[in-house]
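Engineer: Just dropping this structure here.
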Amino acid sequence: HFFNRQNHMYGGHAIVGAHVPLAVGLAFAIKYRDEDRVTLCFFGDGAINQGSFHEALNLAALYKLPIVFICENNLFAMGTSVKRSTSLKQIVDRAEGYDIPGEIVDGMNFREVRDKVAEIVDSIRKEPHPAFVEVRTYRYRGHSMSDPASYRTKLELEKYRLDDPITRLRAQLTREGKLTNEQFDLLDKRSKEMVLASVKFAEASPQPPIEKLHDFTYADGAKP
């Protein structure tokens, strides 16, 4: 769960939906300090049924906070289909209950996602308000190494792989003459080498001593 305060990246959170109220708090701070920034809050379809999610949307709407709620709807929360967890046909309809404008975008289309979010952020900078984006996408693998993803068919998986966003972007860029297949292959090769080198470094690194267990866990000066 990455965290980088310098770049305003406030981390991933293991507890489903727990970070949504935190994002609203960050958006409140932005408005309180009169800063020209917008909070982007990412979560999955599994978070929309948590009580804290609803409380967060209500406050964001009430105080007209500069925040974009981005739901990555990949159809499964761990192994539970979205059809078994909500009666909604569209997750974006949750926003309507709080008078928050919502949009649906094709999550398998990089440019559509980028352009729509940029458009919404621009409108929020002009007049602070919350917004909601349902990004319809798909998860190829199981939720974790222990998840065999037996709750879906091979045919379904293959159907979505044909619409892979990287494959689509490659086709668009080569068709427009902005990138050759050779250049794309080189980028792909470099990316994989970078990941493999990072994995190799991690596996070769020694385990930290037990005395380091609480390092970077508590605020400076605090003790467990």
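The values are calculated or read from the model by the stated rules, or taken from the named source; none is laboratory data. Owing to the predicted nature of the structure, the values given are computational and were not obtained by experimental measurement. Ideal geometry is used to build each Cβ from the backbone, glycine not excepted, and the neighbour counts take in all protein chains shown.
Okay, residues lined up against (1) at pLDDT 95 or above; (2) within 19 Å of the chain's Cα centre (by Cα):
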| position | (1), (2) |
| --- | --- |
| Leu40 | yes, yes |
| Ala61 | yes, no |
| Val68 | yes, yes |
| Arg84 | no, no |
| Tyr98 | yes, no |
| Lys126 | yes, no |
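Engineer: Then there's this: Output the qualifying pairs, or none if there are none: Cβ atoms under 7 angstrom, residues six or more apart or on different chains, first residue in segment 164-191 and of a type in the set (Ser, Thr, Tyr), second residue surrounded by 11 or more Cβ atoms within 10 Å (Cβ to Cβ) and assigned to a loop (DSSP other than H, G, I, E, B).
Structural biologist: Pairs found: Thr174/Thr180.
Engineer: So, one more: One residue is enough: does segment 204-222 have a residue meeting the conditions of a type outside the set (D, E, K, R), within 30 Å of Lys83 (Cβ to Cβ) and part of a loop (DSSP other than H, G, I, E, B)? So that I can check it myself, show each step before the final result.
Structural biologist: Of the residues in segment 204-222, the ones of a type outside the set (D, E, K, R) are 204-210, 213-214, 216-219, 221-222.
Narrowing the set further to residues that are within 30 Å of Lys83 (Cβ to Cβ) leaves none.
The answer is no; no qualifying residue exists.
Engineer: Take segment 156-176 and flag every residue that is loosely packed, with under 13 Cβ neighbours inside 10 Å and either closer than 16 Å to Glu112 by Cβ or modelled with pLDDT of 95 or more (or both).
Structural biologist: Ile166, Thr167, Ala171, Arg175, Glu176 - these are the residues of segment 156-176 that are loosely packed, with under 13 Cβ neighbours inside 10 Å and either closer than 16 Å to Glu112 by Cβ or modelled with pLDDT of 95 or more (or both).
Engineer: How many residues does segment 1-24 contain that are among the small types (Gly, Ala, Ser), on the phi < 0 side of the Ramachandran plot and assigned to a loop (DSSP other than H, G, I, E, B)? Steps first, answer last, please.
Structural biologist: So the first thing to find is which residues in segment 1-24 are among the small types (Gly, Ala, Ser), and the list is 11-12, 14, 17-18, 23.
Within this subset, residues satisfying the condition of being on the phi < 0 side of the Ramachandran plot are 12, 14, 18, 23.
Filter again for assigned to a loop (DSSP other than H, G, I, E, B), leaving 12, 14, 18.
Result for segment 1-24: 3.
Engineer: Answer yes if at least one residue in segment 190-210 is at pLDDT 95 or above, within 25 Å of the chain's Cα centre (by Cα) and either under 30 Å from Tyr32 (Cα atoms) or among the basic types (Lys, Arg) (or both), and no otherwise.
Structural biologist: So far as segment 190-210 goes, yes, one or more of its residues are at pLDDT 95 or above, within 25 Å of the chain's Cα centre (by Cα) and either under 30 Å from Tyr32 (Cα atoms) or among the basic types (Lys, Arg) (or both).
Engineer: Sticking with this one: With the checklist (1) closer than 18 Å to Tyr160 by Cα; (2) part of a helix (DSSP H, G or I); (3) hydroxyl-bearing (Ser, Thr, Tyr) in hand, flag the one item Ser123 doesn't pass.
Structural biologist: Checking Ser123 against (1) closer than 18 Å to Tyr160 by Cα; (2) part of a helix (DSSP H, G or I); (3) hydroxyl-bearing (Ser, Thr, Tyr), the one that fails is (1).
Engineer: On the given criteria, is Asp185 within 20 Å of the chain's Cα centre (by Cα) and either part of a helix (DSSP H, G or I) or at pLDDT below 95 (or both)?
Structural biologist: Numbers: within 20 Å of the chain's Cα centre (by Cα): no; either part of a helix (DSSP H, G or I) or at pLDDT below 95 (or both): yes.
It is false that Asp185 is within 20 Å of the chain's Cα centre (by Cα) and either part of a helix (DSSP H, G or I) or at pLDDT below 95 (or both).
Engineer: For segment 171-224, which positions are among the hydrophobic types (A, V, I, L, M, F, W, C) and closer than 23 Å to Asn4 by Cα?
Structural biologist: Met194, Val195, Leu196, Ala197, Val199, Phe201, Ala202, Leu213, Phe216, Ala219, Ala222
Engineer: Restricting to segment 40-57, and then to whatever is among the polar types (S, T, N, Q) and out of contact with any helix residue (DSSP H, G or I) (no Cβ under 7 Å at 6 or more places or on another chain), can you tell me which residue is farthest from Val135 (Cα to Cα)?
Structural biologist: For segment 40-57, the residue satisfying everything is Gln50.
Engineer: If you go through segment 29-38 one residue at a time, do you hit one that is within 19 Å of the chain's Cα centre (by Cα) and in a strand (DSSP E or B)? Give the derivation first.
Structural biologist: First pass over segment 29-38, keeping only residues within 19 Å of the chain's Cα centre (by Cα): 37-38.
Pick out the ones that are also in a strand (DSSP E or B) and you get none.
Within segment 29-38, not a single residue is within 19 Å of the chain's Cα centre (by Cα) and in a strand (DSSP E or B).
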